1. Collect the residues in region 94-108 that are surrounded by 22 or more Cβ atoms within 10 Å (Cβ to Cβ), of a type outside the set (S, T, N, Q) and more than 10 Å from the ligand (Cβ to nearest atom), keeping them in residue-number order.
2. Enumerate the pairs (first residue in region 172-188 and part of a loop (DSSP other than H, G, I, E, B) and at pLDDT 95 or above; second residue anywhere and surrounded by 13 or more Cβ atoms within 10 Å (Cβ to Cβ) and charged (D, E, K, R)) with beta-carbon separation below 8 Å, excluding pairs fewer than 6 apart on the same chain, so at least 6 apart or on different chains.
3. Could you tell me which residue of region 1-29 is nearest to residue 55 (Cα to Cα), considering only residues that are among the polar types (S, T, N, Q) and part of a loop (DSSP other than H, G, I, E, B)?
4. Only one of (1) under 30 Å from residue 16 (Cα atoms); (2) more than 11 Å from the ligand (Cβ to nearest atom) fails for residue 287. Which number is that?
5. Name the residue that is farthest from the ligand (Cβ to nearest atom), counting only residues in region 266-281 that are surrounded by fewer than 19 Cβ atoms within 10 Å (Cβ to Cβ) and touching a residue at least 60 places away in the same chain (Cβ under 8 Å).
6. Among the residues that make up region 58-70, is at least one of them within 16 Å of the ligand (Cβ to nearest atom), within 30 Å of residue 162 (Cα to Cα) and either among the aromatic types (Phe, Trp, Tyr) or touching a Ser or Thr at 6+ places or on another chain (Cβ under 7 Å) (or both)?
7. For region 76-89, check the following and say yes or no: at least one residue is modelled with pLDDT of 95 or more, outside any loop (DSSP other than H, G, I, E, B) and closer than 21 Å to residue 288 by Cα.
8. Scan 195, 230, 244 and give me the residue that is modelled with pLDDT of 95 or more, part of a strand (DSSP E or B) and hydrophobic (A, V, I, L, M, F, W, C).
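The values are calculated or read from the model by the stated rules, or taken from the named source; none is laboratory data. Quick caveat, the model's predicted, so the values are computed rather than measured. Cβ placement follows ideal geometry from the backbone for every residue including glycine, while neighbour counts extend to all protein chains displayed.
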Amino acid sequence: MESLGVLLTYPMDSYLEEELGKRCELFRLWENPPEKRGEFLRANAASIRAVVGNTAVGADAETIDALPALEIVASFSVGLDKVDLAKCRERGIRVTNTPDVLTDDVADLAIGLAIATMRLIRAADRYVRSGAWKAKGDYKLSSKFSGKAVGIIGLGRIGLAIAKRAEAFGCPISYFSRSEKPQTSYRYYSSVVDLAANCHVLIVACALTEETHHIVDREVIDALGPNGVLVNIGRGPHVDEPELVSALLEGRLGGAGLDVFELEPHVPEQLFGLENVVLVPHVGSSTWETCKAMADLVLGNLEAHVTNKPLLTPVL
Ligand code: DGY
């Protein structure tokens, strides 16, 4: 792959960056200040045939337009909302992602966030560390997760893996899905509001598209209600964040476990003081085992592209 010029749009997993550095010519977009990036792309455009991005920065229309020699976008993510797929299709640029290898980790985190939120694990940890346990010896009660009705938005690979895990906790499962409606015994709702009204824990696990933008809006949040918990391991823009913040501050929603945010890494600071909210920095797939597997898929796809072999995980 020595002849392959690869643009990294964002700092990557260290193993991936090291391996790419050994095998390709690397161009690091993020090392340039934002106002110099256009100039950097123009200066190196003739050499850049591949883009590797992730959930923070992918390949937008501006980047693709600046790269006439671009042949492939290999994303270090399963979600491709940061890649301009229409533009790639129009230009005949190939696109790959990293499905399957991260399914278990993201599903584990969804259940972890639900339990951490309902059992107030973050507040309990603070209670111990602050010495309050020794001083007072009491602690307030939390809510049970086992057996609670779980509603899942999106029953693709990750949604199904979450359902399987929740079933093991004795939770009845229902779901809403626009595309995948697998053969399952789970109850299907054709409206997200009805799903929210009939579950205790609502988990967002669908892809971000124009149709799923703000799929969790005020009406859905109110249907979930003061005993309901929202978990988002999808994308921040799935949820109308100002509505979510108001509902949590006003006690109209029981709690939230959030891995993703509308304008990440910006997180609404009003949430910082709430005990019934757990906030993590988009780490669904961030275990070293899974990051290595994702990196190997990116490397394998680039290798397949340059050697004219079938791509491992093609999207386009
Ligand atoms: C992805 O890879 O798209 C996910 O956001 C991982 O959490």
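1. Of everything in region 94-108, those that are surrounded by 22 or more Cβ atoms within 10 Å (Cβ to Cβ), of a type outside the set (S, T, N, Q) and more than 10 Å from the ligand (Cβ to nearest atom) turn out to be 95, 107.
2. Matching pairs, first to second residue: 172/187.
3. The initial filter retains those residues of region 1-29 that are among the polar types (S, T, N, Q), namely 3, 9, 14.
Of the ones still in play, those that are also part of a loop (DSSP other than H, G, I, E, B) are 3, 9.
Working: 3: 26, 9: 10 Å.
Looking at the filtered set, the residue picked out is 9.
4. For residue 287, the failing item is (2).
5. 275
6. The answer is yes, given that some residue of region 58-70 is within 16 Å of the ligand (Cβ to nearest atom), within 30 Å of residue 162 (Cα to Cα) and either among the aromatic types (Phe, Trp, Tyr) or touching a Ser or Thr at 6+ places or on another chain (Cβ under 7 Å) (or both).
7. If we filter region 76-89 for residues that are modelled with pLDDT of 95 or more, which is where we start, we get 76-89.
Filter again for outside any loop (DSSP other than H, G, I, E, B), leaving 83, 85-89.
Pick out the ones that are also closer than 21 Å to residue 288 by Cα and you get none.
No, that holds for no residue.
8. Only one candidate passes the filter, namely 230.
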